[in-house]
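**Student:** Starting off with a structure, shown below.
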Amino acid sequence: MEVSHIFYNRKMADCSTNLQRHQRIQDQDNDKDEKQTEKSSTLGYDPSDPNFLHMIQAMILSTSASFSYTPTDNECKQLLAKMKRVPVSTYDGKVLDEATMNDCRTRLLAAEKRLLYVQRHCKGDASETALIQFA
């Protein structure tokens, strides 16, 4: 499910691309297919429009959804196996020491923060999650 249109200020706006994604696309090298870049980086709204900003602020303040990611033990084991270039099965049934777990959790959380909002883990119902990922 995707949020792609928002009605505000007595008009409909295409919001299929959020500002963060748009900016990242603009920052990429022009080595990629220009037609694809132009199509995917066009905003259907004005992010500096005061009415749009008020609507976004109201959506965020009224939602109960939030970005929430807590790496599991299995995700930490998968990361460790990838870093050491060994099969994940090497760590099946084993308990990793606290220092290793903390290091893996820190790395996974840092990787999560580098993701676009639309790719990050959220806690909440689908419609509210889509709203915070857009904003």
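No value in this document is a laboratory result; all are computed from the given coordinates. What you see is a predicted model, and the numbers here were worked out from it, not measured in a lab. Cβ coordinates were reconstructed from backbone atoms using ideal geometry, including for glycine residues, and neighbour counts include every protein chain displayed.
**Student:** Give me the dipole magnitude in Debye, nearest 20, for the chain about the Cα centre, with unit charges on the beta carbon: positive for Lys and Arg, negative for Asp and Glu.
**Tutor:** Roughly 240 debye for the chain.
**Student:** In the chain, if the dipole is taken from +1 on Lys/Arg beta carbons and -1 on Asp/Glu beta carbons about the Cα centre, which of P50, S66, N18 is farthest to the positive end?
**Tutor:** Toward the positive end, the furthest listed residue is S66.
**Student:** Under the rule of at least 5 residues apart or a separate chain, name every residue whose amide H is placed under 5 Å from the amide H of C122.
**Tutor:** S68
**Student:** Let me ask something additional. Tell me, in nm to one decimal, what length is gained between L43 and L61 on full extension, where the rule is 0.36 nm per residue of separation less the Cα-Cα distance?
**Tutor:** That pair, L43 and L61, stretches by 4.1 nm at full extension.
**Student:** For the chain, what is the number of Lys pairs with C-alpha distance below 17 angstrom, counting only pairs 8 or more positions apart or on separate chains? Intermediate values should be presented prior to the final figure.
**Tutor:** Details: K77/K94; K82/K94; K84/K94; K113/K123.
Eligible lysine pairs with Cα atoms under 17 Å apart amount to 4.
**Student:** Something else: Sorted from fewest to most neighbouring beta carbons within 10 Å, what does the list F67, F7 look like?
**Tutor:** In increasing order of surrounding Cβ atoms, one gets F7, F67.
**Student:** Still on this structure, please answer the following. When the chain is fully extended, how far beyond the present Cα-Cα distance does D14 get from T106, taking 0.36 nm per residue of separation?
**Tutor:** Full extension of this stretch gives 29.5 nm more.
**Student:** OK, next. Can you give the calculated 222 nm mean residue ellipticity of the chain, where each DSSP H run of n ≥ 4 adds -39,500 (n - 2.57) and the sum is split over every residue, rounded to the nearest 500 deg cm²/dmol? Could the numbers behind the result be given before it?
**Tutor:** Numbers: 6 runs with 67 residues, N = 135.
Mean residue ellipticity, 222 nm, calculated: -15000 deg cm²/dmol.
**Student:** If you plug each phi of the range 119-128 into the Karplus form 6.51 cos²θ - 1.76 cosθ + 1.60 with θ = phi - 60°, what whole-Hz ³J(HN,Hα) values come out, in order, with x for Gly and Pro?
**Tutor:** So the Karplus estimates, Gly and Pro as x, are 9, 7, 5, 10, 10, x, 6, 4, 5, 5 Hz.
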